[in-house]
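A short write-up of the structure that comes next.
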Amino acid sequence: PARLDAAVRKTSQSSRASAVVGKDRLILFDTTLRDGEQSPGATLNLKEKVEIARVLSRFGVDICEAGFPIASPGDFEAVKTIATEIGPLMTGREATGQPMRICGLSRASEKDIQRCFDAVKHAPLHRIHTFLATSDIHLKHKLNISREECIERAAKAVKFASSLSEDVEFSTEDAMRSDPKFLVEVLKEVIAAGATTLNIPDTVGFTTPIEYQQVFEYLIANTPGADKVVWSTHCHNDLGLATANSLAGIAGGARQVEVTVNGIGERAGNTAIEEIIMAVRTRPQQFNVYTSVDATQITRASRMVTSFTGMAVQPNKAIVGENAFAHEAGIHQDGVLKHAETYEIMTPESVGLSTNSLVLGKHSGKHAYKARLEELGYTDLSPQQIDEFVDKFKRLADEKKVVTDADMEAIVADEIYQPE
Ligand code: KIV
Ligand code: ZN
């Protein structure tokens, strides 16, 4: 509604929202360096991982899943180095007054968990994240174990992890194709064994917003000890629903969201951190949580991940795509030139961009072309000259889609400075 516009605009413009009365702080768990690195071809070297972790820390991310320590000696070294070098940093962390918690992933086995702890323990705040599949598909075809064995293995793993660290996350892999009643059985036992965060992953990107919200409501209402733990979302984007599902999980009671920069990750990727932050910031009335991260770091983090992974962001990607703050249509450009709010729901500055851009093409109008001519220094053209130039620009745009500053200067110079 229009009456909310002013408040919305104000919120999206402030890079950091401070504590909001009556709302819970959303815990941001970034897994760019673990699930994100599982994107085909996105391998990162040690130096790149440390630099990404540094940006995440400055960003205000609460937990960084830095890798899967048992996976390879390189992964172990990366998690250990990030725990040691980035774990203690406090720059940009005024909102929580705490350093970033460094987490490692491990399967539900003592060997994995020990290796994980040996890597993360160097950080002042650390977490062991252990997981076991709970869907019948996985139990039968992948693990070849019964439901009873699954409960036993999960509880044993969590008990061991809790003997090493006071912060233990347990994930029910493929939760959204698991029987919810069985999930309750597993989750009840891992809470009793010492788990402090319960993650309900939509491992194969199968769920829908309504279903995901209902599953959280059901699990929180029916699992003994539910109020002692933090509930977490972890969504994959196979149906393009990862962000919508994560937000629905939050509506259902989750208070941690697992995300990656640019939404990189297995197959179609994970929930994108930038989409969650800006959805919660731009529509605060819609959510019962707030986030205290520094949103102006979004563009920087996105560009760094793009450059290090070599995975280009699609131009129309929300928040961080090249066209996210670009306007081509004449009516839109005219509106934005008069007042940015006409076609922008958040400011480019709020995500760390210096400005929006008016892309000049065949849909662009006279106002946008005239504004660009003035920016280029052509301030004393007559209305008739402008009409003629715009006509020429548009004919060029028909052929080459986008008219650059160089194209415009060439056309104007050709006309104005033509020798007699
Ligand atoms: O998608 C998934 O299930 C995972 C778990 C290991 C949390 O990435
Ligand atoms: Zn995942």
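Only the coordinates and a few stated rules stand behind these numbers; no lab work does. Just so you know, these numbers come straight off a predicted model, no measurement behind them. Positions of Cβ are generated from backbone atoms using ideal geometry, with glycine treated the same way; all protein chains shown enter the neighbour counts.
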**OP:** For the range 360-380 and the range 175-198, compute the distance between their C-alpha centroids and round to whole Å.
**Re:** 60 Å
Original post:
If we count every other residue with Cβ under 14 angstrom of Ala221's Cβ, Lys/Arg +1 and Asp/Glu -1, where does the sum land?
Top reply: 0
Original post:
Using a Gaussian network model of the chain with C-alpha springs under 10 Å, which one of Ile151, Ile82, Ile277 is most mobile by mean-square fluctuation?
Top reply: Ile151
Subject >> Neighbour-count ranking [beta-carbon atoms within 10 angstrom, fewest first] of His363, His138 >> reply: His363, His138
Original post:
What are the extents of the Cα atoms of the chain along their three principal axes, listed from largest to smallest and rounded to whole Å?
Top reply: 90, 46, 43
**OP:** Taking the Cβ of Val289 as the centre, find all other residues whose Cβ is under 10 Å away and add up their charges (Lys, Arg: +1; Asp, Glu: -1).
**Re:** +2
Subject >> Cβ crowding within 10 Å averaged over residues, with 347-360, 394-407, 216-229 ranked highest first >> reply: 347-360, 216-229, 394-407
Original post:
HN-Hα J couplings of the range 175-181 from phi, Karplus 6.51/-1.76/1.60, θ = phi - 60°, integer Hz, Gly and Pro as x?
Top reply: 4, 7, 10, 9, 6, x, 5
Subject >> Mean Cβ count within 10 Å, highest first, over the residues of peptides 408-416, 261-269 >> reply: 261-269, 408-416
Original post:
Highest GNM mean-square fluctuation, the chain, Cα pairs closer than 10 Å: which of Gly74, Gly60, Gly194?
Top reply: Gly74
**OP:** Show that you can apply the helix-only estimate: for the chain, add -39,500 (n - 2.57) for every DSSP H stretch of four or more residues, divide by all residues, and state [θ] at 222 nm to the nearest 500.
**Re:** -12500 deg cm²/dmol
**OP:** Note down the relative contact order for the chain as a percent, whole number, built from C-alpha pairs under 8 angstrom at least six residues apart.
**Re:** 16 percent
Subject >> For the range 264-276, Karplus couplings with θ = phi - 60° (6.51, -1.76, 1.60), whole Hz, Gly/Pro x >> reply: 6, x, 2, 6, 7, x, 10, 4, 7, 4, 5, 6, 5
Original post:
Ranked highest first by average number of other Cβ atoms within 10 Å, how do 317-325, 31-39 line up?
Top reply: 31-39, 317-325
Original post:
Relative contact order for the range 254-347: what is it in percent, counting Cα pairs under 8 Å that are at least 6 residues apart?
Top reply: 18 percent
Subject >> When each of Lys366/Lys400; Lys111/Lys159; Lys23/Lys188; Lys121/Lys159; Lys23/Lys49; Lys23/Lys121 is checked by Cα-Cα distance, pairs over 22 Å >> reply: Lys23/Lys188; Lys23/Lys49; Lys23/Lys121
Original post:
In what sequence do Cys116, Cys150 fall when counting other Cβ within 10 Å, fewest first?
Top reply: Cys150, Cys116
Original post:
So in the chain, what percent of DSSP beta bridges are antiparallel if you round to the nearest 5?
Top reply: 5 percent
Original post:
Roughly what angle does helix 209-222 make with the longest principal axis of the chain, taking Cα atoms, 0 to 90 degrees, to the nearest 10?
Top reply: 30 degrees
Subject >> Simple Cβ-charge dipole of the chain, Lys/Arg +1 and Asp/Glu -1, about Cα centre, in debye nearest 20 >> reply: 1140 debye
**OP:** Compute the signed sum of charges (Lys and Arg +1, Asp and Glu -1) over the other residues within less than 13 Å, Cβ to Cβ, of Thr207.
**Re:** -3
Original post:
Which of the listed residues, Ile273, Val79, Ala242, is farthest toward the dipole's positive end in the chain, when Lys, Arg count +1 and Asp, Glu count -1 at the beta-carbon?
Top reply: Val79
Original post:
Dipole of the chain (Lys/Arg Cβ +1, Asp/Glu Cβ -1, origin at the Cα centre): which of Ser165, Ala42, Gly361 lies farthest to the positive side?
Top reply: Ser165
Original post:
Taking +1 at the Cβ of each Lys and Arg and -1 at the Cβ of each Asp and Glu, which of Ile264, Thr291, Leu125 sits farthest along the dipole of the chain towards its positive end, judged by Cα position relative to the Cα centre?
Top reply: Leu125
